[in-house]
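**Student:** Dumping the structure here so I can ask a few things about it.
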Amino acid sequence: MTGIAIYPPSVADMNNDGLPEIVQLTGGTNESGRLYLLDKNGQDFPNFPLNFNNNWMLLAPALADVNNDGAWEIIACERVAPAGRIHIIKLNGQSYNQFFPYTLDRTPAVTPSVGDLDGDGEMEIMAASTESFYILNLNGQVKKQITNPNGQRYSYQSPVIIDLDQDGKKEIVGATHGNVPQFFVLQHDGSFRSGWPIPVPDGNWTFSTPSIIKFDEYNAIMMSRPIGLNAGNVIFGWDKDANSLEGFPIVESGGQEGIISVADVDDDGKMEVIFGSNLLGSDGYGFIHAYNLDGTGQVEGFPLRPRGWTLMNGANVGDVNGDGMMDLTVLSYTQGMPGGDSTYLNVYNLNVPYSPDRVLWNTYKGNNTRNGLIQTEQTTAVKGPDLLTLQIALQQNPVHENALINIHLLQNENITIILYDNAGRLVKSIFQGNLNTGKHDIFFTMAHLPKGIYWLKASTSANVQIKSVPFIKM
């Protein structure tokens, strides 16, 4: 690539062909930025990469189908010192319309977010320069520009969009730094939600994007701050009305400026908060912490100690080798340490089963599109032990062409069984209907599906209980 890839790539099925595409921005002090659109084999799309006068393409691209025509667009920022521009780019490399790129007042400061804020069926673009926050429509008109009078500024804290009240109108969650740094929630019109903003304690700046989950019937909004070497409040958690949640703030040394992930990393049926640290131990090793969401302290076996800094990164949770077990990955580096610079990709086997519903928040801005739009119905989970009334298993694993599901119910239930691929995409509905107490067998075919890892997700409507079973199609 030409230029330096500083922020992560974004990934989505951009052209609706069932295969993922990859978008990467590059830049750097050598002013050799590019916008890359690659297919799954790493080949450039026609007319790409794009070159905007060698200007630095800042942060990560946001991916969204802004007009719901089935073809996604790329929303990206360009640095044009001392200001910047927001682009909406189509898959043919052309600008979305004559109103873009839109020129900002200062350097772009965040990865844009995209969503229908006011429920009118039209998408809005949320972006920020170092000094102003913007809400733009697709015609390049400013619906709201917030220039903070008290010296609040923006950098890195890319906003997240979510409908906190389930009223069809979305809120914007983010943070500022500068003279009076704040954690904030804006309503769809750009005004502060009641109870917000919240001052960042001790005037510390904050750089990380928020993590938001819907868990056990409440919304949890989590953000962090960097602090010094001594222990202090580092991870904050609030409900939608700015009330601090039980167990928060989490106290740790070193502070943190990276991703805050949420997953069940110890197989106890409860969620944990996973985060890195700005602190490097005297032994040259960093820290990945995992704290129980209910405030009962750090998980046994943590912190993990990767070599080098975890500063500005964080941990991702998934199944990287397809064995059905949960893995944790983290990037660390030894920049500035004696002996030269090195970068490490660390993978830890957590020795607990993996399923998508065991991970509530992961990766930069919550998903690989980086568009910041959080669908609350996709971030729900059940708190507590594994299912008591529903047992499900495959009679054979791996599966070749046909499969038989064995179900055992301890009470009458309305059952839904859905098949997903390993990327979490819906493949097909297997069964939906009422079943009586006892054992049942359900047959389905996979002869037409490609080889790979799949998931059966069975749920019961009565208690909203969910059970996920991984298997291999040969």
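**Student:** Taking the Cα atoms of the chain, what is the range of coordinates along each of the three principal axes, in descending order and whole Å?
**Tutor:** 68, 52, 51
**Student:** Follow-up question, since we're still on this one. Could you give the length gained on full extension between Lys451 and Lys428, defined as 0.36 nm per residue of separation minus the Cα-Cα distance, in nm?
**Tutor:** 6.7 nm
**Student:** Provide the convex hull volume over Cα atoms per residue for the range 53-211, in Å³.
**Tutor:** Hull volume over Cα atoms, normalised by residue count, gives 116 Å³.
**Student:** On a full-extension model of 0.36 nm per residue, what is the gain between Ile6 and Asp165, subtracting their alpha-carbon distance, rounded to one decimal in nm?
**Tutor:** 53.7 nm is the gain from fully extending Ile6 to Asp165.
**Student:** Rank these by accessible area, largest first, 1.4 Å probe: His400, His177.
**Tutor:** Largest accessible area first, the list is His400, His177.
**Student:** Over the range 287-372, average the accessible area per residue using a 1.4 Å probe and give it in Å², no decimals.
**Tutor:** 42 Å²
**Student:** Going from the alpha-carbon gyration tensor of the range 149-213, what semi-axes, largest first and in whole Å, does one get by taking the root of 5 times each eigenvalue?
**Tutor:** Sorted largest first and rounded, they come to 21, 12, 10 Å.
**Student:** To the nearest 10 Å², what's Val80's accessible area with a 1.4 Å probe?
**Tutor:** The accessible area comes out at roughly 50 Å².
**Student:** Determine the distance separating the Cα centre of the range 48-96 from the Cα centre of the range 408-441; give it in Å without decimals.
**Tutor:** Using only Cα atoms, the two centres lie 42 Å from each other.
**Student:** Given a Förster radius of 30 Å and the C-beta distance between Thr416 and Asp189 as r, what FRET efficiency does 1/(1 + (r/R0)^6) yield to the nearest 0.05?
**Tutor:** 0.20
**Student:** Restricting to Cα atoms and excluding each atom paired with itself, what does the Kirkwood estimate give for the range 71-121 in Å?
**Tutor:** By the Kirkwood definition, the hydrodynamic radius is 12.0 Å.
**Student:** May I ask you to give the solvent-accessible area per residue for the range 210-276, in square angstrom, as obtained with a 1.4 angstrom probe?
**Tutor:** With the other protein chains kept in place, the range 210-276 gives 32 Å² per residue.
**Student:** Go through 37-44, 409-416 and give me the packing order, highest mean Cβ count within 10 Å leading.
**Tutor:** Ranked from most to least packed, the peptides come out as 409-416, 37-44.
**Student:** Would you mind working out the magnitude of the charge dipole of the range 274-363 relative to its Cα centre, with +1 at each Lys and Arg C-beta and -1 at each Asp and Glu C-beta, to the nearest 20 Debye?
**Tutor:** 200 debye
**Student:** Points 7 angstrom from Cα along the Cβ direction at Asp239 and Asp294: gap in nanometres?
**Tutor:** Modelled inter-label distance: 1.8 nm.
**Student:** Give the lysines reachable from Lys451 as a straight Cα distance under 22 Å; neighbours fewer than 8 places away on the same chain don't count.
**Tutor:** Partners found: Lys40, Lys428, Lys473.
**Student:** Please list the three semi-axes, largest first and in whole Å, of the ellipsoid equivalent to the range 185-241, using sqrt of 5 times the eigenvalues of its alpha carbon gyration tensor.
**Tutor:** That gives 22, 15, 9 Å for the three semi-axes.
**Student:** Output the peptides 5-12, 167-174, 296-303, 156-163 sorted from most to least packed, where packing is the average of other Cβ atoms within 10 Å over each peptide's residues.
**Tutor:** Ranking the peptides 5-12, 167-174, 296-303, 156-163 by packing returns 156-163, 167-174, 5-12, 296-303.
**Student:** Would you mind telling me the share, in percent, of accessible area of the chain contributed by carbon and sulfur at probe 1.4 angstrom?
**Tutor:** In the chain, the share of accessible area belonging to carbon and sulfur is 48 percent.
The values are calculated or read from the model by the stated rules, or taken from the named source; none is laboratory data. For clarity, every value in this text was computed on a predicted model and none was experimentally measured. Counting neighbours? That spans all protein chains shown, and the Cβs are built from the backbone with ideal geometry, glycine included. In case anyone asks, the SASA skips ligands and DNA or RNA and just uses the protein heavy atoms, side chains included. Shrake-Rupley method; radii C 1.70, N 1.55, O 1.52, S 1.80 Å.
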